[in-house]
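The values are calculated or read from the model by the stated rules, or taken from the named source; none is laboratory data. Small disclaimer: the values here were computed from a predicted structure and weren't measured. Heads up, the Cβs are rebuilt from the backbone with ideal geometry, glycines too, and the neighbour counts pull from every protein chain shown.
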Amino acid sequence: MKKLILALVLFASLTSCKKSEKAEEPKKIAIVVSTLNNPWFVFLAETAAKKAKELGYESKIFDSQNNTALESDHFENAISSGYDAILFNPTDAAGSVANATKAKEAGIPVFCMDREINSTDAATSQILSDSYSACVQLGKLFVDKLGKKGNYVELLGIVSDNNTWNRSKGFHSSVDNYPGLKMVAQQSADFDRNKAMEVMESILQAHPDIDGVFCGNDAMAMGAYQALVAANKADKVKVFGFDGAEDAINSIKEGKLTATAMQFPKIIAETAATYADDYFKGQKDFPKKLPIAVEVVTKENIDKYIAYGKK
Amino acid sequence: MNIALDRSKLAKFQSTIALLILCIGLTILSDKFLTVDNGWNVLRQISVNICISVGMTLVVLTAGIDLSVGSILAFSGAVAAGLLKSGISFPGNDLFIGFTLLGTVLAGIATGSFLGFFNGWVITKFKVPPFVATLAMLTVARGFTMLWTKGYPISSLGTNFAYIGTGWFLGIPILVWIAVVVVIAAMIISNKTALGRYIYAIGGNENAAKLSGINIDKVKIIVYTLAGALAAIGGIMVTSRLDSAQPNAGMSYELDAIAAVVIGGTSLSGGRGTIIGTVLGAIIIGVLNNGLVLLDVSPFWQQVVKGMVILLAVMIDKANSKAE
């Protein structure tokens, strides 16, 4: 029995040697994404999976459900079931560092997508979309479109979410320089279209005279717009979103929403998958941080864009 | 019998007082609260929660709970939206089934009813506690929603479908009409029919109900099916209002429904409570949501206030039943 095992082990070691030389078995890539409850992240994860498949790798999507603990489980499972790289969309800049470090210690490269982790060496590379500076730009456009004065409303996303505050802070860093612009209400609508509509309906009762609405994502912008239509105020109020989702792109085309910020999940996901491919082929030197520019989309330049990307 | 009647009267009375105090307070604090427009706003916003909460009341009266209503709402709404937009096509042969507006609405309600029926079946035939069975359904139905929508919203459903959510009939929003019809039907069922009496009897004392010859399994299955159907109606209302079926629709709606039931004076241990109490509970939650936004209360504090109101309602309720 012992001899048999020894023979098997020898055989296995020989064959595995052979395999790694010829790379017969496709490498496996884990895609760990913060949530699949939002179309933007679904698109990110699916694009990464598609690109990995094109490059000849197996891949599997793990949904962390915005929960760092669940994310930690996914990392442990991915490590123990022999994944060769992790394309990672972290749930939390600080809370996710430990997970990325765990993978690094196991010799598995981690490529962050869209969101950052607060560590310079846990991830092999971070391909980031900068919500903050995008909202700085969006805020400048907001100031222009409203003519530097007027009352406006801000709809925040989930208040315990990093992105909510990055976007809000970026926006305010531009807008707060203009004392003529007065924020009459700042409420949370949880990134949710229905909640945004209901909150906006109530806000319009308290503040019937507003000139603009800034929303932390496109779903909320759509909901806010619907509330404005119902109150016959859609023509005079400018609605701003964030993400570049299909509904928002169509609405900007039709002149309903004023602007959104287009992030490029396709570019982010494909770059991450390509980096993993380069890594397998021997490249070890990657930019620690690769910012992917976010572009402001308005009716003037809408023809260049489709949902989640450029034409 | 008399005592039970007094208790339910007291529960009604107590939520009415709470609602009045809330309304008077908000009227003093904000001159925007007591307006016709805002009234319709609140009523439109709570109509979905009323439909779900009515189903929840029937379930809670049997001493059960239904945690799956939010997910069932999302799935049923998505099914209706998907069928309306693209029908069913079979790629193999050139068969295509399109759906009329009524067809999609009925398909949505049938979906919710079936999931509710499944809840009831598992709870009665396999003796799975309602908490666990519907907790499982909460996840499963959400998963079905993601599979059906592939994670993306289904939008632009046409003006006819949107009319359900945005239209008016005889000066009243259609959403409010739907809620009114649901409430009246549920009041008739709970007060005037044998089924209603059985529901109260099962929640009051299941063994006694069994000994008096009530088919407990059948009643429970009907109740969970109704809860599913009402969640589906809520799903169609939300979808039509937004002109879009969102994959994450109805998240944590079960909690709002349970809150309405509890604030309305229905006992979570079953057998005691009324539909009208739940309606008042839903109005209180709706007025509170509306009022906190009108007053520009910070979103952090809003959560604290809502939680405290629920706690207060139950504490008062407990004190009352002890006093008796």
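Of all the numbered requirements in (1) more than 9 Å from chain B (Cβ to nearest Cβ); (2) farther than 20 Å from B:VAL238 by Cβ, A:ALA185 misses one, and that requirement is (1). Residues in segment B:82-110 that are over 26 Å from the mean Cα position of the chain (by Cα) and of a type in the set (A, V, I, L, M, F, W, C): B:ILE88, B:PHE90, B:LEU95, B:PHE96, B:ILE97, B:PHE99. Of all residues assigned to segment B:216-227, none qualifies as being modelled with pLDDT of 90 or more, part of a loop (DSSP other than H, G, I, E, B) and of a type outside the set (Val, Ile, Thr). In this structure, does B:GLY270 turn out to be in contact (Cβ under 8 Å) with a residue 60 or more places away in the chain and either surrounded by fewer than 24 Cβ atoms within 10 Å (Cβ to Cβ) or not in a loop (DSSP other than H, G, I, E, B) (or both)? Against the criterion (in contact (Cβ under 8 Å) with a residue 60 or more places away in the chain and either surrounded by fewer than 24 Cβ atoms within 10 Å (Cβ to Cβ) or not in a loop (DSSP other than H, G, I, E, B) (or both)), B:GLY270 qualifies. Based on this model, can you work out whether B:ALA231 counts as over 17 Å from the mean Cα position of the chain (by Cα), buried (at least 24 other Cβ atoms within 10 Å of the Cβ) and not acidic (Asp, Glu)? It is false that B:ALA231 is over 17 Å from the mean Cα position of the chain (by Cα), buried (at least 24 other Cβ atoms within 10 Å of the Cβ) and not acidic (Asp, Glu).
Residue by residue, here is whether (1) more than 16 Å from A:TYR275 (Cβ to Cβ); (2) assigned by the TED database to the domain that holds A:ILE158; (3) touching a residue at least 40 places away in the same chain (Cβ under 8 Å); (4) not in a strand (DSSP E or B) holds:
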{"position": "A:PHE43", "(1), (2), (3), (4)": "yes, no, yes, yes"}
{"position": "A:LYS102", "(1), (2), (3), (4)": "yes, no, no, yes"}
{"position": "A:PHE111", "(1), (2), (3), (4)": "no, no, yes, no"}
{"position": "A:ILE117", "(1), (2), (3), (4)": "no, no, no, yes"}
{"position": "A:ASP144", "(1), (2), (3), (4)": "yes, yes, no, yes"}
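Residues in segment A:226-254 that are in a loop (DSSP other than H, G, I, E, B), touching a strand residue (DSSP E or B) at 6+ places or on another chain (Cβ under 9 Å) and free of Cβ contacts under 8 Å to residues at least 40 places away in the same chain: A:VAL237, A:GLY241. Listed by first and then second residue, the pairs with beta-carbon distance under 8 Å, at least 6 apart or on different chains, first residue in segment B:281-298 and among the β-branched types (Val, Ile, Thr), second not in a helix (DSSP H, G or I), are B:VAL293/A:ALA185; B:VAL293/A:GLN187.
Could you tell me which residue of segment B:272-304 is nearest to the other protein chains (Cβ to nearest Cβ), considering only residues that are closer than 30 Å to A:TRP165 by Cβ and of a type in the set (Val, Ile, Thr)? Among those that are closer than 30 Å to A:TRP165 by Cβ and of a type in the set (Val, Ile, Thr), it is B:VAL293.
Return a yes/no flag: does segment A:272-290 have any residue that is within 21 Å of the chain's Cα centre (by Cα), crowded, with 18+ Cβ neighbours inside 10 Å, under 18 Å from A:LEU138 (Cβ atoms) and in contact (Cβ under 8 Å) with a residue 12 or more places away in the chain. No; the residues of segment A:272-290 include none that is within 21 Å of the chain's Cα centre (by Cα), crowded, with 18+ Cβ neighbours inside 10 Å, under 18 Å from A:LEU138 (Cβ atoms) and in contact (Cβ under 8 Å) with a residue 12 or more places away in the chain. When restricted to residues that are outside any helix (DSSP H, G or I), among the hydrophobic types (A, V, I, L, M, F, W, C) and within 11 Å of chain A (Cβ to nearest Cβ), segment B:20-68 contains 2. Can you confirm whether segment B:97-112 contains a residue that is buried (at least 24 other Cβ atoms within 10 Å of the Cβ), closer than 26 Å to B:ASN160 by Cβ and among the small types (Gly, Ala, Ser)? Checking segment B:97-112: at least one residue is buried (at least 24 other Cβ atoms within 10 Å of the Cβ), closer than 26 Å to B:ASN160 by Cβ and among the small types (Gly, Ala, Ser). Residues in segment A:200-219 that are within 16 Å of B:LEU294 (Cβ to Cβ) and within 11 Å of another protein chain (Cβ to nearest Cβ): A:MET200, A:GLU201, A:SER202, A:ILE203, A:LEU204, A:GLN205, A:ALA206, A:HIS207, A:PRO208. The conditions are (1) within 14 Å of chain A (Cβ to nearest Cβ); (2) of a type in the set (Ser, Thr, Tyr); (3) free of Cβ contacts under 8 Å to residues at least 24 places away in the same chain, and B:SER86 fails exactly one of them. Which is it? (1) is the only condition that B:SER86 fails.
Restricting attention to segment A:228-243 and to residues that are within 14 Å of another protein chain (Cβ to nearest Cβ) and surrounded by 24 or more Cβ atoms within 10 Å (Cβ to Cβ), the residue that is nearest to A:SER174 (Cα to Cα) turns out to be A:GLY241. Taking the criterion of being assigned to a helix (DSSP H, G or I), within 11 Å of another protein chain (Cβ to nearest Cβ) and crowded, with 20+ Cβ neighbours inside 10 Å, the residues of segment B:147-191 that qualify are B:THR149, B:GLY165. Scanning segment A:237-296 for residues that are over 22 Å from A:ALA45 (Cα atoms) and of a type in the set (Phe, Trp, Tyr) gives a single hit, A:PHE240. If I filter segment A:162-169 for residues that are in contact (Cβ under 8 Å) with a residue 12 or more places away in the chain, of a type outside the set (S, T, N, Q) and within 26 Å of A:ASP285 (Cβ to Cβ), do I get at least one hit? Scanning segment A:162-169 turns up no residue that is in contact (Cβ under 8 Å) with a residue 12 or more places away in the chain, of a type outside the set (S, T, N, Q) and within 26 Å of A:ASP285 (Cβ to Cβ). Figure legend. Inter-residue proximity from segment B:114-128: first residues assigned to a loop (DSSP other than H, G, I, E, B), second residues of a type in the set (A, V, I, L, M), beta-carbon distance below 6 Å, spacing 6+ or different chains. Indicated pairs: B:VAL128/B:VAL122. When each of A:MET197, A:MET222, A:MET262 is tested for being within 11 Å of chain B (Cβ to nearest Cβ), at negative phi, touching a strand residue (DSSP E or B) at 6+ places or on another chain (Cβ under 8 Å) and surrounded by 23 or more Cβ atoms within 10 Å (Cβ to Cβ), the lone residue that passes is A:MET222. Residues in segment A:75-97 that are within 10 Å of A:ASN162 (Cβ to Cβ) and either touching a residue at least 40 places away in the same chain (Cβ under 8 Å) or hydroxyl-bearing (Ser, Thr, Tyr) (or both): A:PRO90, A:THR91, A:ASP92, A:ALA93.
For segment A:162-182, the candidate set comprises residues that are within 14 Å of chain B (Cβ to nearest Cβ) and surrounded by fewer than 18 Cβ atoms within 10 Å (Cβ to Cβ); within that set, the residue that is farthest from B:VAL238 (Cα to Cα) is A:LYS182.
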